[in-house]
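Asks: First the structure, which I've put down as structure tokens, then a few questions once you've had a look.
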Amino acid sequence: MALRSDWLPALAAFESAARHQNFAHAAEELHLTASAVSHHVRKLEARLGVALFQRHARGVSLTAEGRHLADVAGNAIHDIDGAMQDLRSRRDDAHTVRITTLHSFAYTWLIPKLPAFAAAHPDIRMRVDTEISLTRFDDVGPDLGIRHGPGRWPGLNALPLMDESLFPVAAPTLPGLGDVRAAADILRLPLVADLSHQGWHDWFRANSVHGARIDERFVFSDSTDMLRAAAIGLGAALARERIVAPWLSSGQLLRLPGEAMTGRYAYYIVYPAHRRPRPAVRRVIDWLASQPAGPTPDTASVRKPRR
């Protein structure tokens, strides 16, 4: 029986499920759903005419036939992966560093600092990935990342980069801004939001505004889109200090009255714990760690909206 290309997805799903002895874990590794992994395995069983797994209430276990195929498939995939990694390592420049981070952070903090980096390290090439999904730091994945979170991720070393605070901002032209004198007055404005772990409810509570009825007119998955929406007058936004700094400096947004709220999470430089950073990667990590957190808005001087 010739191995056709349409067998490969089913074999990959089976190999991962066999290695984990769990469809859900295989799904997480392959970025699929557990039902999709199960479908691939059943498709493979139907084509071969044998059962590869025994299914029971507590999960699955390999049959004798499944163990035989798992050994062969695992070795084959390992050999292919090794060959591809070898080819890629030959192609990749030793001075190329791959970074993953959020689009909002790259746009407002990282990219403005890159001219200084390029001048100091002209030999290093950088590839910046801003996919919203969490990237796998495997042997063919990125070299390092900048993540916003609790500072603990399985399999990653995490170095603190900077903390964060949140406060409300709005465009100078937003109708009703002249009547805003205290945190509670912001409730009279239209509100926009992102999918941050801390939102308007948290900020109003931190500013002793209780029982607030919050009506978020627009909600965006990306903080940059939220700030852009606020800048064109769609509503007031709850902004992260490090992300909003350029918008404040340009005057597109004003900080509104109310105390800043300490962020539950912070920014971290992360890289795989299972491999030592290459010299070029180490230089980028050291450079990132040496960067000041700013530009930071002047938290002592809140611009009052004009009447």
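The values are calculated or read from the model by the stated rules, or taken from the named source; none is laboratory data. Only a predicted model underlies this, so the values are computations on that prediction, with no experimental measurement involved. Note that we place each Cβ from the backbone using ideal geometry, even for glycine, and neighbour counts take in every protein chain shown. Note: areas computed on protein heavy atoms with side chains; ligands, DNA, RNA excluded. Shrake-Rupley method; radii C 1.70, N 1.55, O 1.52, S 1.80 Å.
Asks: Anything in the range 179-200 that is open to solvent by 10 Å² or more (accessible area, probe 1.4 Å), farther than 10 Å from Leu256 by Cβ and assigned to a helix (DSSP H, G or I)? List them, or say none.
Replies: Passing the criteria: Asp179, Ala184, Leu187, Arg188.
Asks: For the range 158-173, name all the residues that are open to solvent by 10 Å² or more (accessible area, probe 1.4 Å) and hydrophobic (A, V, I, L, M, F, W, C).
Replies: Correct list: Ala158, Leu159, Leu161, Met162.
Asks: Report the residue count in the range 24-35 for those that are farther than 14 Å from Gly74 by Cβ and open to solvent by less than 30 Å² (accessible area, probe 1.4 Å). Reasoning before the result, please.
Replies: First, the residues of the range 24-35 that are farther than 14 Å from Gly74 by Cβ: 24-25, 27-28, 30-35.
Checking the rest, the ones that are also open to solvent by less than 30 Å² (accessible area, probe 1.4 Å) come to 27.
Residues flagged as farther than 14 Å from Gly74 by Cβ and open to solvent by less than 30 Å² (accessible area, probe 1.4 Å) within the range 24-35 amount to 1.
Asks: Give the range 225-253 a look and list any residue that's hydrophobic (A, V, I, L, M, F, W, C) and surrounded by fewer than 22 Cβ atoms within 10 Å (Cβ to Cβ), or say none. Steps first, answer last, please.
Replies: Within the range 225-253, the first condition is being hydrophobic (A, V, I, L, M, F, W, C), and the residues that meet it are 226-227, 229-232, 234, 236-239, 243-245, 247-248, 253.
Hits for the range 225-253 are Ala229, Ala231, Ile232, Leu234, Ala245, Leu248.
Asks: Would you confirm whether any residue within the range 255-276 is modelled with pLDDT under 95 and more than 22 Å from the chain's Cα centre (by Cα)?
Replies: Yes; the residues of the range 255-276 include at least one that is modelled with pLDDT under 95 and more than 22 Å from the chain's Cα centre (by Cα).
Asks: Still on this structure, I have one more. Would you check if Ile111 is in a strand (DSSP E or B), under 19 Å from Met162 (Cα atoms) and at pLDDT 90 or above? I'd like the intermediate steps shown before the answer.
Replies: Details: in a strand (DSSP E or B): no; under 19 Å from Met162 (Cα atoms): yes; at pLDDT 90 or above: yes.
Here the answer is no, as Ile111 does not meet what is asked.
Asks: Filtering the range 201-219 down to residues that are crowded, with 20+ Cβ neighbours inside 10 Å and among the aromatic types (Phe, Trp, Tyr), which residue is farthest from Pro150 (Cα to Cα)?
Replies: Phe204
Asks: Turning to a different aspect of this structure: Of Leu166, Leu134, Leu174, which residue is part of a loop (DSSP other than H, G, I, E, B) and either at pLDDT 95 or above or in contact with an Asp or Glu (Cβ under 6 Å, 6 or more places away or on another chain) (or both)? Break it down into steps so the answer makes sense when it comes.
Replies: Values: Leu166 fails: part of a loop (DSSP other than H, G, I, E, B); Leu134 fails: either at pLDDT 95 or above or in contact with an Asp or Glu (Cβ under 6 Å, 6 or more places away or on another chain) (or both).
From the options Leu166, Leu134, Leu174, the qualifying one is Leu174.
Asks: Working only within the range 96-111, note down all residues that are within 15 Å of the chain's Cα centre (by Cα) and either among the hydroxyl-bearing types (Ser, Thr, Tyr) or surrounded by fewer than 15 Cβ atoms within 10 Å (Cβ to Cβ) (or both).
Replies: Those that are within 15 Å of the chain's Cα centre (by Cα) and either among the hydroxyl-bearing types (Ser, Thr, Tyr) or surrounded by fewer than 15 Cβ atoms within 10 Å (Cβ to Cβ) (or both): Thr100, Thr101, Ser104, Tyr107.
A quick yes/no check of all residues on (1) without any contact (Cβ under 8 Å) to a residue 12 or more places away in the chain; (2) surrounded by 16 or more Cβ atoms within 10 Å (Cβ to Cβ); (3) among the hydrophobic types (A, V, I, L, M, F, W, C):
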site: Leu8; (1), (2), (3): yes, no, yes
site: Ala13; (1), (2), (3): no, yes, yes
site: Val50; (1), (2), (3): no, no, yes
site: Leu62; (1), (2), (3): no, yes, yes
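Asks: Tell me which residues, restricted to the range 112-132, are open to solvent by 40 Å² or more (accessible area, probe 1.4 Å), β-branched (Val, Ile, Thr) and in contact with a strand residue (DSSP E or B) (Cβ under 8 Å, 6 or more places away or on another chain).
Replies: Of everything in the range 112-132, those that are open to solvent by 40 Å² or more (accessible area, probe 1.4 Å), β-branched (Val, Ile, Thr) and in contact with a strand residue (DSSP E or B) (Cβ under 8 Å, 6 or more places away or on another chain) turn out to be Val128, Thr130.
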